[in-house]
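Below is one structure; the comments refer to it alone.
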Amino acid sequence: MSNSKHTFLEYSAQAAVVGAVHAGCEAALALARTGIDTVLLTLNLDSIAFLPCNPSIGGTAKGHLVREIDALGGEMGIVADDTALQIRMLNVGKGAAVQSLRAQSDKNAYHREMKRVLENTPNLRIIQAEVSEILVENHQCVGIKTTYGGVISCQAVILCTGVYLNGETITGQVVQKSGPNGFAPANYLTQSLIDIGFKVRRFKTGTPARVDSRTVDYSKCEIQNGDEDIYPFSFMHDKAPENKMPCYLTYTNLQTHGIIMDNLDRSPLYDGTILSTGPRYCPSIETKVVRFKDKERHQIFLEPEGADTLEVYVQGMSTSMPHDVQKLMYKSVAGLENADIMRYGYAIEYDCIDTLDVLPTLEFKKVSGVYTAGQINGTSGYEEAAAQGLMAGLNASLKLRGLPPFVLRRDEAYIGVLIDDLVTKGTDEPYRMMTSRAEHRICLRQDNADFRLTEKGKEVGLVREDRYQRYLLRKEKYEELLRSLQTRVPQKEATAFLAGYGYGEPSGGVSYADMLKRSIPLKDIMAHFNVFSEYPKNVLETAEITVKYEGYLKQGWELIEKAKRLEEKVLPEDINYHEIHGLRLEAREKLDRVRPFNLGQAGRISGVNPADVSVLMVWLATRT
Ligand SMILES: Cc1cc2nc3c(=O)[nH]c(=O)nc-3n(C[C@H](O)[C@H](O)[C@H](O)COP(=O)(O)OP(=O)(O)OC[C@H]3O[C@@H](n4cnc5c(N)ncnc54)[C@H](O)[C@@H]3O)c2cc1C
């Protein structure tokens, strides 16, 4: 395919978004919903909001991102609820900070619903075309050009190109220029990114086979149903989605592992065909068998891809082995002995940029008006992509409206942790969000995402009135309940109730809150004293956590206040680190590369140690 020499003005708009999957959809909606005339481009309209890998939204820490996107006025949570096949709360055996929602999504329905939302959004035009060039004048974006010669003049472009830039799929020794699932790759834009100053590197990810559900023997697997009585992704919904379809659990075995080890020399991961870096936390089955030799079996989840298809996603068995080896591998798994493979697993390599070149607003440091979001930033995952898309779209909109940037701190949101990690530390492998990355996770729970973010979403113009009123009502009810929980229970009744939990006679009055602090479940208190049943589940949940974890939360807020003091020590934009006496050479180079905004960010740069931060602190103090 060639790149047309003839050009014509396709559209003049304020902003363009290149890519219409998780990052692109949120970016385009954030721009258009805040009044920006936006054009959304994709290589194929049928790939809008496509789930190329696991048919699910959410998971550990990813559920937090979805709730935060929703609280800020984004779309992923709403569509995930509306197209869920089942929904579960993960890590219920652990603390509230790490409990995460995960929905099995109907892939085709997710695509259709998000496409419908985009097509019905004012200020938004959608076009199927490959973007081949970013047009720049005096370090300012002035438009984009397609391979067909169409020019879209605009002041901002959000690049959400995912796994398509010079995309190559690899299965065995077969390497093809391709996007996921046979969609066309993007063959021209990478050169334009390099021409305007981006550093480009190559990452890789992989996906498992899809098998025909009619050929799976589910009697050899453990059924896994969704959870009842949990809350939904979106704060705009009162009830969690209905559980329509189960998943199934099975395992690999020593025979599976043997087949892999016997054919490792034919794996493109081990014969040098694939040289790029893959996701550490979503490894292929080959890598798992090699890395964990002592493990006799690995969990495999059989996940339905949709209500209108027989395709089943074999989660946990991502592979790029040759087809004949894949056939043997899958058939060795209990329940898959007679499985027909409808789509074989494969790996995909693609170009992505170095995020040390972008600002916390996700704007490129070298060219104003160029933003990057999603997999192009070296992350892996639908939720990580959507969060970046929303923030890049919002910041482009704010800049076009002449308003100050919107950057979330690490103590405000997982989105803040995600973007700060990318622009301060960078990443040398596909970055996946995890709760362990968030030092303030006790305060950044799923259940309180709206209390942390909806006001901010309102201030930047993305949260609509109906969402804002729901938030105000929930907040009002929550504060009312917190007050009511302080109500003292008559001594005699309290003593009798507490005895049931092995507590002796309490000295002095006892409130419901005191009982919660004794880890007595709120639902037991409600049932016994017949109180608080008028409050909705999501209000009860947040109030119970706030009271029960009061001590930890207090410590958490104190840590946040301490961290904030360093965040508030702003570093001048024109600072010359090479002139500051006492800074180590490595620190000077790293500080000059990242150009941190404040002392807090400076301290998080790898290679900048606490002694360097003290030198900067003294330097700052002597300037004022
Ligand atoms: C095979 C495979 C396996 C994966 N495995 C995992 C996994 O195990 N775990 C995980 O967390 N994530 C995985 N992912 C990643 C996950 O799919 C992505 O993180 C997510 O889809 C990224 O979303 P995105 O919006 O950044 O980009 P993508 O979903 O890649 O979408 C990019 C969009 O950009 C468009 N586009 C690209 N270039 C151009 C251009 N020049 N002009 C016009 N349009 C363009 C495309 O048409 C598409 O609409 C996998 C992805 C693939 C493909």
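The values are calculated or read from the model by the stated rules, or taken from the named source; none is laboratory data. Fair warning: this is a prediction, and the values are worked out from it, not measured in the lab. Cβ sites come from the backbone with ideal geometry, for glycine too, and all protein chains shown count toward neighbours. Surface accessibility is based on the protein's heavy atoms, side chains included, excluding ligands, DNA and RNA. Shrake-Rupley method; radii C 1.70, N 1.55, O 1.52, S 1.80 Å.
Which of the residues belonging to segment 459-511 are out of contact with any Gly (no Cβ under 8 Å at 6 or more places or on another chain) and in contact (Cβ under 8 Å) with a residue 60 or more places away in the chain?
V460, D466, R470, Y471, R474, K477, Y478, L481, L482, L485, listed by residue number.
Which condition breaks for Y503 when tested against (1) open to solvent by 40 Å² or more (accessible area, probe 1.4 Å); (2) under 23 Å from the mean Cα position of the chain (by Cα); (3) of a type in the set (F, W, Y)?
Failing condition for Y503: (2).
Restricting to segment 116-132, name every residue that is open to solvent by less than 50 Å² (accessible area, probe 1.4 Å) and among the charged types (D, E, K, R).
Answer for segment 116-132, where residues must be open to solvent by less than 50 Å² (accessible area, probe 1.4 Å) and among the charged types (D, E, K, R): just E130.
Take the conditions without any contact (Cβ under 8 Å) to a residue 60 or more places away in the chain and assigned to a loop (DSSP other than H, G, I, E, B) and apply them to K239. Does it pass?
yes
Applying the selection to segment 182-223, what residues are surrounded by fewer than 17 Cβ atoms within 10 Å (Cβ to Cβ) and either assigned to a helix (DSSP H, G or I) or within 12 Å of the ligand (Cβ to nearest atom) (or both)?
Selection gives G182, A184, Q191, I194, D195, R214, T215, Y218, S219, K220.
Out of all the residues in segment 365-381, which are away from the ligand (no atom under 16 Å from the Cβ) and outside any loop (DSSP other than H, G, I, E, B)? Full working, then the answer.
Here is the first cut: in segment 365-381, the ones away from the ligand (no atom under 16 Å from the Cβ) are 365-369.
S368, the sole residue that qualifies.
Mind checking whether some residue in segment 286-300 is within 13 Å of the ligand (Cβ to nearest atom) and within 21 Å of M433 (Cα to Cα)?
Kept after step one, since they are within 13 Å of the ligand (Cβ to nearest atom), are these residues of segment 286-300: 287-288.
This time we only want the ones that are within 21 Å of M433 (Cα to Cα), so: 287-288.
Looking for residues that are within 13 Å of the ligand (Cβ to nearest atom) and within 21 Å of M433 (Cα to Cα), one finds at least one in segment 286-300, hence yes.
It is to be established whether one or more residues within segment 133-148 are farther than 30 Å from S267 by Cα, in contact with a helix residue (DSSP H, G or I) (Cβ under 7 Å, 6 or more places away or on another chain) and open to solvent by less than 30 Å² (accessible area, probe 1.4 Å).
Looking for residues that are farther than 30 Å from S267 by Cα, in contact with a helix residue (DSSP H, G or I) (Cβ under 7 Å, 6 or more places away or on another chain) and open to solvent by less than 30 Å² (accessible area, probe 1.4 Å), one finds at least one in segment 133-148, hence yes.
Name the residue that is nearest to the chain's Cα centre (by Cα), counting only residues in segment 245-288 that are part of a helix (DSSP H, G or I), within 25 Å of Y350 (Cα to Cα) and of a type in the set (A, V, I, L, M). Explain how you work it out, then say what you get.
As a first pass, look at segment 245-288 and keep what is part of a helix (DSSP H, G or I): 254-262, 264-266, 285-288.
Going one step further and asking which of them are within 25 Å of Y350 (Cα to Cα), we end up with 264-266, 285-288.
Then keep just the ones that are of a type in the set (A, V, I, L, M); that gives 264, 285.
Details: L264: 32, I285: 23 Å.
So the residue we want is I285.
Can you tell which of R437, R432 is touching a helix residue (DSSP H, G or I) at 6+ places or on another chain (Cβ under 8 Å) and farther than 29 Å from A16 by Cβ? I'd like the intermediate steps shown before the answer.
Numbers: R432 fails: farther than 29 Å from A16 by Cβ.
That would be R437, the only listed residue that is touching a helix residue (DSSP H, G or I) at 6+ places or on another chain (Cβ under 8 Å) and farther than 29 Å from A16 by Cβ.
Can you name the condition, by its number, that F406 falls short on among (1) within 16 Å of the ligand (Cβ to nearest atom); (2) of a type in the set (A, V, I, L, M, F, W, C); (3) closer than 25 Å to G35 by Cα?
Result: F406 passes all but (1).
Could you tell me which of the residues L453, L472, L462, L444 is part of a helix (DSSP H, G or I) and open to solvent by less than 20 Å² (accessible area, probe 1.4 Å)? Walk me through it before giving the result.
Working: L472 fails: open to solvent by less than 20 Å² (accessible area, probe 1.4 Å); L462 fails: part of a helix (DSSP H, G or I); L444 fails: part of a helix (DSSP H, G or I).
On inspection, the qualifying residue turns out to be L453.
Restricting attention to segment 428-435, does a residue exist that is at pLDDT 95 or above and in a helix (DSSP H, G or I)?
Scanning segment 428-435 turns up at least one residue that is at pLDDT 95 or above and in a helix (DSSP H, G or I).
Restricted to segment 1-52, and to residues that are within 15 Å of V131 (Cα to Cα) and among the charged types (D, E, K, R), which residue is surrounded by the most Cβ atoms within 10 Å (Cβ to Cβ)?
Among residues in segment 1-52 that are within 15 Å of V131 (Cα to Cα) and among the charged types (D, E, K, R), the one surrounded by the most Cβ atoms within 10 Å (Cβ to Cβ) is E10.
Would you confirm whether or not segment 160-171 contains a residue that is more than 9 Å from the ligand (Cβ to nearest atom), exposed (fewer than 15 other Cβ atoms within 10 Å of the Cβ) and outside the structural domain of N263 (by TED's automatic domain parsing)? Explain how you work it out, then say what you get.
Pass one, segment 160-171, residues more than 9 Å from the ligand (Cβ to nearest atom): 166, 168, 170-171.
The next check asks that each one be exposed (fewer than 15 other Cβ atoms within 10 Å of the Cβ); those that pass are none.
Looking for residues that are more than 9 Å from the ligand (Cβ to nearest atom), exposed (fewer than 15 other Cβ atoms within 10 Å of the Cβ) and outside the structural domain of N263 (by TED's automatic domain parsing), one finds none in segment 160-171, hence no.
Hey, among the residues in segment 172-181 that are open to solvent by 10 Å² or more (accessible area, probe 1.4 Å) and over 23 Å from the mean Cα position of the chain (by Cα), which one's nearest to the ligand (Cβ to nearest atom)? Reasoning before the result, please.
Applying the first criterion (open to solvent by 10 Å² or more (accessible area, probe 1.4 Å)) to segment 172-181 yields 173-178, 181.
Applying the additional criterion that residues be over 23 Å from the mean Cα position of the chain (by Cα) yields 173-178.
Values: Q173: 18, V174: 15, V175: 14, Q176: 13, K177: 13, S178: 10 Å.
The selected residue is S178.
Looking only at residues in segment 475-497 that are of a type in the set (K, R) and part of a helix (DSSP H, G or I), which one is most open to solvent (accessible area, probe 1.4 Å)? Give the steps one after another, and end with the answer.
To start, the set of residues in segment 475-497 that are of a type in the set (K, R) comprises 475, 477, 483, 488, 492.
If we keep only those that are part of a helix (DSSP H, G or I) as well, we get 475, 477, 483, 492.
Numbers: K475: 64, K477: 64, R483: 155, K492: 178 Å².
The selected residue is K492.
Can you pull out the residues in segment 114-152 that are hydroxyl-bearing (S, T, Y) and over 20 Å from T34 (Cα atoms)?
So the first thing to find is which residues in segment 114-152 are hydroxyl-bearing (S, T, Y), and the list is 121, 132, 146-148.
S132, T146, T147, Y148 - these are the residues of segment 114-152 that are hydroxyl-bearing (S, T, Y) and over 20 Å from T34 (Cα atoms).
List every residue pair whose Cβ atoms lie under 9 Å apart, where the two residues are 6 or more positions apart in sequence or sit on different chains, the first residue falls within segment 48-60 and is modelled with pLDDT under 95, and the second residue, located anywhere, is near the ligand (Cβ under 8 Å from one of its atoms) and of a type in the set (A, V, I, L, M).
none
Rundown of residues vs (1) under 20 Å from A413 (Cβ atoms); (2) open to solvent by 90 Å² or more (accessible area, probe 1.4 Å); (3) touching a helix residue (DSSP H, G or I) at 6+ places or on another chain (Cβ under 7 Å), yes/no style:
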site	(1), (2), (3)
R565	yes, yes, no
P572	no, no, no
S606	no, no, yes
A621	no, no, no
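Working only within segment 321-353, note down all residues that are away from the ligand (no atom under 16 Å from the Cβ) and part of a loop (DSSP other than H, G, I, E, B).
P322, S332, V333, A334, G335, L336, E337, N338, A339, D340
Confirm whether M329 is in contact (Cβ under 8 Å) with a residue 40 or more places away in the chain and either more than 22 Å from K107 (Cβ to Cβ) or surrounded by fewer than 23 Cβ atoms within 10 Å (Cβ to Cβ) (or both).
Values: in contact (Cβ under 8 Å) with a residue 40 or more places away in the chain: yes; either more than 22 Å from K107 (Cβ to Cβ) or surrounded by fewer than 23 Cβ atoms within 10 Å (Cβ to Cβ) (or both): yes.
So M329 fits the description; yes.
Output the residues belonging to segment 292-326 that are among the charged types (D, E, K, R) and open to solvent by 60 Å² or more (accessible area, probe 1.4 Å). Talk me through it step by step, then tell me what you get.
From segment 292-326, those among the charged types (D, E, K, R) are 293-297, 303, 305, 308, 311, 324; that's our starting set.
Of everything in segment 292-326, those that are among the charged types (D, E, K, R) and open to solvent by 60 Å² or more (accessible area, probe 1.4 Å) turn out to be K293, D294, K295, E296, R297, D308, D324.
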